[in-house]
Amino acid sequence: MRDIFDAIQKSAKRIKDAIDVKDIGYSQQENSSGETQLELDIKCDMIIEEEFSKVSSINTIASEEKEHEEVLHANGKYFIAYDPLDGSSLIDVNLSVGSIFGIYEGAFGTEKMVAACYVVYGPRVEMVFAQNKTKLYLLQAGEFEFVKEIRLGEKGKIMAPGGTQQNWEKYHKAMIDGFFAEGYRLRYSGGMVPDLHQILLKGGGLFSYPATSDKPKGKLRRLFEVFPFAFVYKTSGGEAIDGKNELMSLGHAHIHDTSPCFFGSKYEVDRVKEVYAKNA
Ligand code: P6P
């Protein structure tokens, strides 16, 4: 696992430099989720593939920017699914973005998740690596330095409600309104990585991207976004569900499958379970 940890660090340093380019143009290609790819998305995907191709323990990779999974080393023991630059369109307005990695043991399709990692490219570059514990690292003078372990509290004060309100189910809107009536603060940038990072570092709350009328299966991708963050939140003492089921218990039929998702502290996620058990 150390070799993967090191390859992610090398990728993150190269991606940070790549983000600092002036003209970030849109390529004419679309990814498998039908999103127009930034040239930067493709460049960051190439950076990660280059670094991972040097790691013999990595058997197969799957990227949000690629249609299919790719075998790197037939004798490798790990499968890694990643989103190379999540929320990349936010760079145009100088908001934070991130890279997300889900690390699995076993052949693709029968894999068991054993670690997860994300990198936040913001005013500072930070990395969170979850295996048995959740650890925070800060990029300083070219190296990622360990900062602290992260634990979520039982209850928080931040609400990050994803999706478009008019497409929410009425019971979902009433639930979110109820949290605001209890004094929760709205913190939503439209970048999954910084939005979930903030809740983790500020002690808790709820990030939600529910099933909506325009996206009945949710928007966020299971392999590349949902499962890695579910692993991080559970390892940090939090909860991660699709409204009823543990996200970590869901499989995936296609590598680009999505899922409704709720990540947060126990108090908030228990409320989601109550509301969804009654209505959904
Ligand atoms: P919406 C970014 O495009 C992304 O995939 C996630 O990073 C983010 O949480 C979500 O979409 C935002 O979606 O519909 O709220 O703009």
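Read-outs throughout are calculated quantities, based only on the coordinates presented, and are distinct from any laboratory measurement. Please read these numbers as outputs of a predicted model, since none were measured by experiment. Reconstructed Cβ throughout: ideal geometry from the backbone, glycine too, with neighbour counts over all protein chains shown.
Data overview
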quantity	calculated
Beta bridges by DSSP in the stretch 158-278, antiparallel share as percent, to the nearest 5	60 percent
Exceeding the 32 Å Cα-Cα cut-off - candidates K77/K219; K43/K157; K16/K273; K66/K135	K43/K157; K16/K273
FRET efficiency, K170 to K54 (Cβ-Cβ, R0 35 Å, nearest 0.05)	0.10
Computed over the chain, the ratio Rg/Rh where both radii use C-alpha atoms and Rh is Kirkwood	0.95
Rounded tilt (10° steps) of 39-53 against the dominant C-alpha axis of the chain	60 degrees
Environment charge of T212, counting only residues whose C-beta is closer than 15 Å and scoring Lys/Arg +1, Asp/Glu -1	+2
Cα-based helix-to-principal-axis angle, 266-279 vs the chain, degrees rounded to 10	60 degrees
Scattering profile of the stretch 1-149 at q = 0.09 Å⁻¹ [log10 I(q)/I(0), Debye over alpha-carbon scatterers]	-0.27
Mean projected area (nm²) of the alpha-carbon convex hull when the stretch 158-278 is viewed from all directions	6.8 nm²
Computed E for R124/D6 - FRET, C-beta separation, R0 22 angstrom, nearest 0.05	0.65
Computed lengthening from K217 to K273, 0.36 nm per intervening residue step minus Cα-Cα distance	18.4 nm
Percent of beta bridges antiparallel (DSSP, the chain, rounded to nearest 5)	80 percent
